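Taking it in order: structure first as structure tokens, then the write-up.
The values are calculated or read from the model by the stated rules, or taken from the named source; none is laboratory data. Everything quoted here is computed from the prediction, not taken from an experiment. Quick reminder, even Gly has a Cβ in these numbers, built from the backbone with ideal geometry, and neighbours come from all protein chains shown. Accessible surface is based on the protein model in full, side chains and every heavy atom, while ligands, DNA and RNA are left aside. Shrake-Rupley method; radii C 1.70, N 1.55, O 1.52, S 1.80 Å.
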Amino acid sequence: MKTVIQQLVYAIIQFPLIPLAIIGVGMIIYREHVVAKRLGVSPTTLGALGNKWLLHHFGTRSDPDTVAFCKVLPMASHHGLWAAFGGGILSHRLVGYMPSIGSIPKPGTENLTTFQNSKTMEFDRVLKEHVDGVEQVVVLGAGFDLRVSSSTAGKSVRVFELDLPEAQKLKLDALAASGIPHSWVTYIPVDFNADSWATKLCESGFDSSKPTLFLAESVMPYLSEAMVRKAIEQIAVLSAPGSVLAKDFFSTEFVDGLKKMSKTLREQVCFSVGLSGDARAQLQSFFESSGFELTRVVLYGEETKKARPFCAITTVIKA
């Protein structure tokens, strides 16, 4: 009965706001694609920024920095998000209405709409579990994510973020405009397809003798398989005993399906792995020559006769 009442309240609130929601969606699309193109930055750089904004406003994951950041980042539309989802947020605050976009799905029930929320929480968990046991944190392809800077504030840990120069400049400008502290983070502009990111990292003060947490979320799928394997080898060389790497993988079946539907993905997504059958064994084999030990695998999407997991997050440790 409670759910019925919540949905009814949402319908009453949202119905007259439909025109506003349509305008909001248009604002979001315009910022993420037209403005992003004008700025020379890929929309994929935004990652889960909008998801984190929603999780904050639905009370699922506190992230005031992301809200402040979205207000000043040219590619994001704070007002568009409010216009598109304000009815749901108001319903949540009034009667506890909770749509899938604002919640964390049960394991095995993730879909293309909700799995990003689960990914966000898993990378949060990895960072929280390991940040106090390392001396350095390295984020490869950091994009506009703010979890590392907010989670390491006041800690005696060095933080390095690597990303494309254009995206990194936008991030730094938005951080300054929003007043979000970040002075302890070393930002390293790098093109993973062209530059020696490992060399630049070491030149920026990274110490390979210290245990390090490496985070690589949604960056390596856009590299060739040869470059991904080389990157893992480089991370292994840079990793002192006790170092940790958290990385996501998309399944080959999932990527192949998306490529058939999207020309953009066909041009961008290069690397994937098979997750059918014994996914853990297949993922372990990917790391076996690097000296990393696979300690945790989280699969997204239920494995049935008609479906397979479409994404995985692995955590590996250097012995």
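Just to be sure I understand, how many residues within the range 218-259 are closer than 24 Å to Lys128 by Cβ and open to solvent by 40 Å² or more (accessible area, probe 1.4 Å)? Of the residues in that region, 2 qualify.
Taking the criterion of being of a type in the set (Val, Ile, Thr) and more than 19 Å from Val219 (Cβ to Cβ), the only residue of the range 164-193 that qualifies is Ile180.
Of everything in the range 22-58 that is open to solvent by 50 Å² or more (accessible area, probe 1.4 Å) and among the basic types (Lys, Arg), the residue that is nearest to the chain's Cα centre (by Cα) is Arg31. Residues that are surrounded by fewer than 22 Cβ atoms within 10 Å (Cβ to Cβ) and touching a residue at least 24 places away in the same chain (Cβ under 8 Å) were ranked within the range 154-163; the one that is farthest from Glu217 (Cα to Cα) is Lys155. State yes or no: is Val67 in contact (Cβ under 8 Å) with a residue 24 or more places away in the chain, within 23 Å of Asp163 (Cβ to Cβ) and part of a helix (DSSP H, G or I)? Answer is no for this residue.
Once the range 59-81 is narrowed to residues that are crowded, with 21+ Cβ neighbours inside 10 Å and hydrophobic (A, V, I, L, M, F, W, C), the residue that is nearest to Ser100 (Cα to Cα) is Leu81. Among the numbered conditions (1) aromatic (Phe, Trp, Tyr); (2) in contact with a Leu (Cβ under 9 Å, 6 or more places away or on another chain); (3) modelled with pLDDT of 95 or more, the only one that Phe192 does not meet is (3).
I'd like to check something: does the range 211-231 contain any residue that is modelled with pLDDT of 95 or more and farther than 29 Å from Pro64 by Cβ? Scanning the range 211-231 turns up at least one residue that is modelled with pLDDT of 95 or more and farther than 29 Å from Pro64 by Cβ. Just checking, how many residues over the range 167-185 are open to solvent by 10 Å² or more (accessible area, probe 1.4 Å), touching a helix residue (DSSP H, G or I) at 6+ places or on another chain (Cβ under 9 Å) and of a type outside the set (A, V, I, L, M)? So the count comes out to 6. Checking Ser204, Ser208 one by one, the residue that is surrounded by fewer than 20 Cβ atoms within 10 Å (Cβ to Cβ), farther than 20 Å from Gly47 by Cα and in contact with a Cys (Cβ under 8 Å, 6 or more places away or on another chain) is Ser208 and no other.
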